[in-house]
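Heads up, the thing below is written out as structure tokens.
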Amino acid sequence: AAKDGGRGRHHFYAPDLHSDAEERRQLEQDLRDALTTGGLELYYQPVVSTTTEKITGFEALLRWNHPVRGQLSPAKFIPIAEDAGLIVQIGEWALRTACHDMAKWPEGVRVAVNVSPLQFANPTLPAVVTNVIASAQIDPSRLELEITESVFLNDSDGTDAMFAALKRIGVRLALDDFGTGYSSLGYLKKAPFDKIKIDQSFVHGATIHGSRNGAIISSIVSLAEALDMETTAEGVETLDELDLVRVLGCSHVQGFVYAKPLTREDAEALLARGLAVTADGPRSARSPR
Ligand code: C2E
Ligand code: MG
Ligand code: MG
Ligand code: MG
């Protein structure tokens with residue numbers, strides 16, 4: 001991609017010679033280029049029902065195929081995108097791509113898209129969501145927006161209005177990384193979530209006996225059930241963890257035990273052949289990568 005000749009003019013990467021600030025500036029410029037010339041990609045990680053053991057949907061997870069550095073994870077570039085205000089455009093790209101991909105999949109398959117607090121604070125979000133759903137011609141209830149507790153730190157009138165506007169459109173709302181953020185339960189009372197995603201820090205390594213994590217998971221499940229919300233256990237890596245979150249009543253599971261985030265092609269192939277759950281558990285459905 002042709003650089004603009006301005007502040008991002010570096011033709012070779014020499015990370016040792018660059019300051020952190022300079023590296024961030026360079027990545028920010030590269031990210032602007034990626035938005036216009038391509039380079040962003042969505043991966044899809046299956047979400048599986050604990051009762052049917054079928055895929056009910058996928059979470060869309062951003063990857064950036066950087067021309068020089070190779071594939072970068074969101075941890076590396078989302079913070080830069082947020083600081084630079086690029087997350088709003090990137091988030092819109094992710095919504096649009098996820099909805100158009102989902103339009104080719106069976107009606108029963110949902111896709112969850114992560115929404116940054118900055119997007120959530122932007123009054124144009126409902127119009128963007130409406131527009132994307134109309135152009136992809138999907139049922140709005142197939143789109144789930146994942147929001148973290150940090151949105152409740154902002155102005156609460158604006159937050160309430162945003163929730164109401166999104167619910168009017170008919171999309172589903174999930175509370176992501178539950179238990180790691182701003183820990184007031186007050187917002188659960190009024191925010192219209194369809195699902196709570198139990199953070200992987202409670203799930204990974206949890207055991208049933210003498211486990212504080214197990215106690216936390218089971219109280220989140222009770223709370224969710226009382227509020228008529230589903231629960232996804234995130235970060236389930238082993239068959240023991242899978243058994244545990246099933247016994248504790250989580251309605252859905254997401255994690256490497258079933259599959260890592262997959263390319264669109266691999267996700268479609270998995271949908272076509274179904275999750276092969278064998279007597280040994282779901283190992284055969286693991287991603288080859
Ligand atoms: P998240 O929304 O909580 O996504 C779940 C993360 O857990 C993903 O990391 C996923 O690859 C990882 N994961 C899933 N199963 C397992 C497991 O069994 N074990 C372990 N160790 N990890 C597992 P990923 O893809 O690196 O994404 C990290 C975060 O980046 C996401 O956390 C989300 O907050 C953010 N993100 C990703 N895509 C987007 C996006 O399109 N927009 C925004 N605003 N944020 C995004
Ligand atoms: Mg998420
Ligand atoms: Mg999460
Ligand atoms: Mg997370």
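The values are calculated or read from the model by the stated rules, or taken from the named source; none is laboratory data. Source: prediction; values computed, not measured. Positions of Cβ are backbone-derived with ideal geometry, glycine not excepted, and every protein chain shown enters the neighbour counts. Accessible surface is based on the protein model in full, side chains and every heavy atom, while ligands, DNA and RNA are left aside. Shrake-Rupley method; radii C 1.70, N 1.55, O 1.52, S 1.80 Å.
Of everything in the stretch 247-275 that is open to solvent by 60 Å² or more (accessible area, probe 1.4 Å) and under 22 Å from Glu146 (Cα atoms), the residue that is farthest from ligand 3 (Cβ to nearest atom) is Arg264. Could you tell me whether any residue of the stretch 183-200 is in a helix (DSSP H, G or I), touching a Lys or Arg at 6+ places or on another chain (Cβ under 7 Å) and modelled with pLDDT of 90 or more? No: zero hits. Looking only at the stretch 137-156, residues that are assigned to a helix (DSSP H, G or I), modelled with pLDDT of 95 or more and of a type in the set (D, E, K, R) come to 1 in all.
Of all residues in the stretch 157-182, exactly one satisfies the criterion of being assigned to a loop (DSSP other than H, G, I, E, B), of a type in the set (Gly, Ala, Ser) and away from ligand 4 (no atom under 16 Å from the Cβ), namely Gly170.
Of everything listed in (1) among the hydroxyl-bearing types (Ser, Thr, Tyr); (2) modelled with pLDDT of 90 or more; (3) under 19 Å from the mean Cα position of the chain (by Cα), the single unmet condition for Ser287 is (2). One residue alone among Ala81, Ala60 is small (Gly, Ala, Ser) and either within 25 Å of Ser251 (Cβ to Cβ) or free of Cβ contacts under 8 Å to residues at least 24 places away in the same chain (or both), and that residue is Ala60.
Taken over the stretch 235-246, the residue count meeting the criterion of being part of a helix (DSSP H, G or I), surrounded by fewer than 22 Cβ atoms within 10 Å (Cβ to Cβ) and within 22 Å of the chain's Cα centre (by Cα) is 1. Residues in the stretch 20-56 that are modelled with pLDDT under 90 and either of a type in the set (A, V, I, L, M) or open to solvent by less than 60 Å² (accessible area, probe 1.4 Å) (or both) were compared, and the one that is nearest to the chain's Cα centre (by Cα) is Glu23. Cβ separations smaller than 8 Å between residues 6+ apart or across chains give the following pairs from the stretch 219-248 residues that are touching a residue at least 60 places away in the same chain (Cβ under 8 Å) to residues that are β-branched (Val, Ile, Thr) and more than 14 Å from ligand 3 (Cβ to nearest atom): Val245/Thr50; Val245/Ile217; Arg246/Thr50.
Each residue in the stretch 184-227 was checked for being among the hydroxyl-bearing types (Ser, Thr, Tyr) and within 16 Å of ligand 4 (Cβ to nearest atom), and 1 of them qualify. Residue count for the stretch 203-217 satisfying the condition of being open to solvent by 30 Å² or more (accessible area, probe 1.4 Å) and either part of a helix (DSSP H, G or I) or within 13 Å of ligand 1 (Cβ to nearest atom) (or both): 6. Residue pairs whose Cβ atoms lie under 7 Å apart, sitting 6 or more positions apart in sequence or on different chains, and linking a residue in the stretch 92-113 that is over 18 Å from Leu35 (Cα atoms) to a partner that is more than 16 Å from ligand 1 (Cβ to nearest atom) and open to solvent by 70 Å² or more (accessible area, probe 1.4 Å), are Ala103/Gln137.
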